Amino acid sequence: MVWVSVGVDLAGSQKRRTGLCRMSMNLYSETCVKKSDEDILSFILSSDPEIVAVDAPLSMPKDREYFRICDKKLLEMGIRIIPPRFKSMKMLTERAIILKKKLEEHGFEVIEVYPSAAQDILKIPRRSEGIDSLREGLMKIGVKGFRSDECIHELDAVTCALTGIAYLRNCYIAVGDPSECIVILPTYDIIEKSRVGIHSPNHQISRKEKND
C-alpha cells in the first residue's frame, strides 16, 4: 500500500493516547493509537507519507499576542478554537512544535489541521455526536479500512489524514498568514473527487504514485 498522508490527533502528554491514521490516495486507511514521541515518529517514518497533518497548534503567537492570525480568522469564520497560549493548550503546542521540527528534519511536509472544522465543512458528524455517527459519516464520503472498534482519537486522526489528501489534491483553503502559521481546511469538492476515484482521467497523481 502506498501511504500518502498521515493524520495525527496529538495528545498533550505522552501519558495520553495519540490517534494516528495513514491513508492512501484512494482513501484506504489504517489507524492505531500511540503514546510516546518515539512511537509516533516511528509510525510516521514507516508510513513514509507525502504530508503529515497534525491536529495541534504548530506555532505560538508572535510577540506576546494571545491569538495567532489564523486563530483570529477561524473565529471570524465562526469556528471555535482554543488559542495556543491557553493554559490547557500550552503543553500540546510545545509538543507539536517539537514533533514538527523532527519531522521536517526527516524531510516531511507538516501542516496544521482542525478536524472538527473539517467535519463541519464536509457535513459529517463531529465527535460530540458519537463515535458510530462519525465513523459512518467518514464511510459515506468514501473512507475505507475501518475495523469498527476505533476510538475517537483514531477517527479524528482519519479526518486529519483526509485533510492531508485534500491538500495534496488542491481541495483546500489556507487560513492565516504564511509568515506565522497556516491552518489547512478541506473544501467540499474533495468528496466529489474521491467518489470519481483514482482511475479518473482527471485524477491528480501523487509523487509516490508516479514512482510506485
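The values are calculated or read from the model by the stated rules, or taken from the named source; none is laboratory data. Everything numeric here is computed off the predicted structure, so don't read it as measured data. Note that each Cβ is placed from the backbone with ideal geometry, even for glycine, and that neighbours are counted across all protein chains shown.
Things worth noting here:
- For first residues located in the range 134-160 and closer than 23 Å to R16 by Cβ and in contact (Cβ under 8 Å) with a residue 40 or more places away in the chain, partners that are β-branched (V, I, T) and in a helix (DSSP H, G or I) and lie 6+ apart or on another chain with Cβ distances below 9 Å form the pairs F146/V158; E150/I131; E150/V158; C151/I131; I152/I131; L155/I131.
- Taking each residue of the range 50-61 that is charged (D, E, K, R) and looking for partners that are modelled with pLDDT of 95 or more and part of a loop (DSSP other than H, G, I, E, B) with beta-carbon atoms closer than 9 Å, six or more apart or interchain, yields E50/W3; E50/V4; E50/F108; D55/L10; D55/Y114.
- Any pair with Cβ under 8 angstrom, 6 or more apart, that starts in the range 15-33 at a residue that is under 15 Å from S5 (Cβ atoms) and ends at one that is in a loop (DSSP other than H, G, I, E, B) and of a type in the set (S, T, N, Q): M25/S206
- Only residues that are part of a helix (DSSP H, G or I) and surrounded by 12 or more Cβ atoms within 10 Å (Cβ to Cβ) were counted in the range 119-131, giving 6.
- Scanning the range 11-36 for residues that are charged (D, E, K, R), in contact with a strand residue (DSSP E or B) (Cβ under 9 Å, 6 or more places away or on another chain) and either exposed (fewer than 15 other Cβ atoms within 10 Å of the Cβ) or within 18 Å of P57 (Cα to Cα) (or both) turns up R17, K35.
- Across the range 53-91, the number of residues qualifying as among the small types (G, A, S) and under 17 Å from the mean Cα position of the chain (by Cα) comes to 3.
- Residue within the range 189-210 that is at pLDDT 95 or above and part of a loop (DSSP other than H, G, I, E, B) present: no
- Filter pass, R135 being surrounded by 22 or more Cβ atoms within 10 Å (Cβ to Cβ), part of a helix (DSSP H, G or I) and of a type in the set (K, R): yes
- Matching option when the condition is in contact with a helix residue (DSSP H, G or I) (Cβ under 8 Å, 6 or more places away or on another chain) and within 17 Å of L92 (Cβ to Cβ), among S5, S13, S29: S13
- Scan of the range 35-78 for residues that are over 21 Å from E109 (Cβ atoms) and assigned to a strand (DSSP E or B), ordered by number: none
- One residue stands out among those in the range 92-114 that are among the charged types (D, E, K, R) and assigned to a strand (DSSP E or B): the one that is farthest from the chain's Cα centre (by Cα), which is E109.
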